[in-house]
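Participant: Quick one: the structure is below, and I'll ask about it shortly.
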Amino acid sequence: MLVEAEQGQLRPPMRAVADATASGGSFVQVPKGAGADREGGVDLVVEIPVAGDYLVWARVRAPSSGSNSVHVVMDDGPSFIWHVPHVPPEGDGPGPWVWAAAERLDAPEPMVYRLEAGSHVLGFTNREAGFAVDRVLLTADRTVRPQD
């Protein structure tokens, strides 16, 4: 299940941003200086075809090591903090897009969700403004490593 983040329900100050380097030509983020912890986000409705254990991968970009985390929640479950890899940019501007598996800050293993077939809501809520999400992959295949 592959979803473009900008197709989700945005909660301001999260917004879609046009960018030629993003899949589909845009991504979502809370701009730096525009939001506090847990203010703004995006909710993605995902259709799970078969019940199973699913990993969440996302194509993300972190502008700095101080702006590289987000709260993640599935349906009405507990949220967790996800720190994504910060890849420093060459010169000025944001770093490159990277694919990363969602994992808890306190557990260095990818988060596994046991999901029934049907609709689910995956939410990304602001923790550190500037963090960007481009596209999201839910997969039951633990060997998958998404690439651009």
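Participant: Order the peptides 55-62, 139-146, 33-40 from the highest to the lowest mean number of other Cβ atoms within 10 Å of their residues.
Facilitator: Those peptides, ordered most packed to least, come out 55-62, 33-40, 139-146.
Participant: Something else now. When the chain is fully extended, how far beyond the present Cα-Cα distance does Ala107 get from His71, taking 0.36 nm per residue of separation?
Facilitator: Once the chain is fully extended between Ala107 and His71, it gains 11.5 nm.
Participant: I would also like to ask the following. What net charge is computed for the residues neighbouring Ser26, neighbours being all others with C-beta under 9 Å from the C-beta of Ser26, Lys and Arg scored +1, Asp and Glu -1?
Facilitator: Result for the neighbourhood of Ser26: -4.
Participant: Lys/Arg Cβ at +1, Asp/Glu Cβ at -1, dipole of the chain taken about the Cα centre: which of Ala22, Ala129, Gly118 is farthest positive-ward?
Facilitator: Ala129
Participant: Still on this structure, please answer the following. Can you tell me how much longer the chain between Lys32 and Gln7 gets when fully stretched, taken as 0.36 nm per residue apart minus their C-alpha distance, in nm with one decimal?
Facilitator: 6.9 nm
None of the figures in this text is laboratory data; all of them are computed from the coordinates on show. Since we're looking at a predicted model, the values are computed, not measured. So basically every Cβ, Gly included, is an ideal-geometry build from the backbone, and we count neighbours across all protein chains shown.
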